[in-house]
Every structure is written in structure tokens, then in C-alpha cells.
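> Before I ask anything, here is the structure I am working with.
The values are calculated or read from the model by the stated rules, or taken from the named source; none is laboratory data. Remember, predicted model here, so these are calculated numbers, not experimental data. Cβ coordinates were reconstructed from backbone atoms using ideal geometry, including for glycine residues, and neighbour counts include every protein chain displayed. Each accessible area value is taken on the protein alone, full model and side chains, heavy atoms only, with ligands, DNA and RNA left out. Shrake-Rupley method; radii C 1.70, N 1.55, O 1.52, S 1.80 Å.
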Amino acid sequence: MNKDEYFLFLNEQEKNEKIIGIENYAIKNRVPIIQKPGLDFLTAIIKISKCKKILEIGTAIGYSAINCALINKDIYVTTIERDELMLKEAKKNIELFNLNEKITIIYNDALEVNELELGNDYDLIFIDAAKSQYQKFFEKYAKCLKKGGLIVSDNLIFHDLIFKETIANRNTMQLVNKIKKYNLWLKSNTLFNTKFFNIGDGIALSIKK
Ligand code: SAH
Ligand code: MG
């Protein structure tokens, strides 16, 4: 057992059949849902900070949104997805958990949504859509966040690809460079207090000053 496996084992809990169903669908269809350690971190932050209103950029099949909405009765999630197939699957899953009242999906490109219509009282924003656009998402949606609010960014080491010196695929290389740039930008953004964590696929927690 290596370190990652050991922590997975320690955190393992009795599983909900319906959650396992979504996880299996994600594996089978290669949907990049948040990794277990990342989800444990995200949900712990939500619990500690007593978040009520969450905005997610990148719904996919609703896995992270459902896990967040299930934390307690006070939590409401608004989540943005541009892919129709993902949207369909997410709706199905949200229905399955009877969470229609607590999770609202906005079917649109997150860069096209009018963020001002979302208001400015979100407690937490989870950025998990196109990795090349993170800075744009961050700058655009930071307006929706309360003072002291949190932004969590996922996949900051992009399956360890950011440690590779050369990457044959040009698009992947560009994407990796964008992620590296985002990490440095985030590090130097003085409007937020950011810490990076070696958890899951690399996560940053940014607190709005
Ligand atoms: N948060 C999900 C995983 C999201 S995967 C979970 O952990 O369960 C990333 C998703 O973001 C994909 O479904 C993709 O279609 C969507 N996406 C990527 N770029 C987007 C954009 N600009 N606007 C809206 N959705 C986007
Ligand atoms: Mg992710």
C-alpha cells in the first residue's frame, strides 16, 4: 500500500449505492470527476466554513455538486455546464437524489453567463471547467463572492503533467503552460489569500480579502 492508498483506506466510508453508480459511470465514460482526496478536502472546507451558497463552474455529471448539496440541508448549489450530454446526465443524477430544489444548473458556456445576474453573496466558488480558462473564470466570478468568501480551484498539477519537461502533444503542452501561468498568477493575486495543496490533482484555496 502506498501513501495515497493508505489515506484512501483511512478515509473510506460506507458507500452510498447511488454515489457508486455515478463514480462507475464516470470511470466507464472517462468523465473527469473530482478525485476522492480532493472531494474530502472540498467538503471539509464547506463544513468548517459553514458555506450555504456554492457556485460551481463545470458540472459534468453532477458528482461534485451532489456531494456538496448532500452535506446538509442549508446548502444550495448553482452549477454551470456547457455540454449537452453532460447536462442530461447531471439532471438525471440530481433527480435520482431528489436534489432539484438544491441544485440549479445553468446550461451555458461559463464565459457567456452574465455573472452579475447571479448576485454577489456566494460563500464558495468551485472552479473545475476548462483548465485553459481558469484565470478568466476566476476574475469573472470573483464578483459573485462575499468578502471572506472562498474560491477552490481543482486540477492544478493536471495529472502530474506540469512536472514533465517536454510534452509531445502541442495542445496539451499549451494547456499545461496555461495551468502553470494560472498557478503563478494566483500566487501573486493580492486580492486573495491563496494556499496550494498537494491533494488529489492539486487544489488551491483562495480567500477573498
Ligand atoms: N465538477 C465536476 C467535474 C467537472 S469536469 C465533478 O467534479 O464532478 C469539467 C466540466 O466542465 C466538463 O463537463 C465540461 O463540459 C465543462 N466545461 C468546460 N469548459 C466549460 C465552460 N467554459 N463553460 C461551462 N462548462 C464548461
Ligand atoms: Mg476537476
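> For the chain, modelled as a Gaussian network with Cα springs under 10 Å, which listed residue fluctuates most, L99, L85, L55?
Taking springs between Cα atoms under 10 Å, the residue moving most is L85.
> Restricting everything to alpha-carbon atoms, can you work out Rg to Rh for the chain with a Kirkwood hydrodynamic radius?
A ratio of 0.94.
> Turning to a different aspect of this structure: Around E112, what is the net charge, scoring Lys/Arg as +1 and Asp/Glu as -1 over all other residues with Cβ under 14 Å from its Cβ?
Within the 14 Å Cβ shell, the charges total -2.
> Which order do I105, I54 take by accessible area at a 1.4 Å probe, largest first?
Sorted descending by solvent-accessible area, the residues read I105, I54.
> Could you tell me which of F197, I46, I20 has its Cα farthest along the dipole of the chain towards the positive end, charges placed at Cβ (Lys, Arg +1; Asp, Glu -1), taken about the Cα centre?
Toward the positive end, the furthest listed residue is F197.
> Excluding ligands and nucleic acids, what accessible area in Å² is computed for K143 using a 1.4 Å probe, to the nearest 10?
Per-residue accessible area (K143): approximately 100 Å².
> Under 8 Å for C-alpha pairs, at least 6 residues apart: give me the relative contact order for the chain, rounded to a whole percent.
Relative contact order comes out at 18 percent.
> Hey, if you put +1 on the Cβ of every Lys and Arg and -1 on every Asp and Glu Cβ in segment 3-208, which of I34, F7, I207 ends up farthest toward the positive end of that dipole?
The listed residue farthest towards the positive side: I207.
> Here's a follow-up. So, with +1 on the Cβ of K and R and -1 on the Cβ of D and E, and no other charges, what is the size of the charge dipole of the chain about its Cα centre, to the nearest 20 debye?
660
> Where does the chain land at 222 nm, in deg cm²/dmol rounded to the nearest 500, when only DSSP H runs of n ≥ 4 count, each adding -39500 (n - 2.57), divided by all residues?
-12000 deg cm²/dmol
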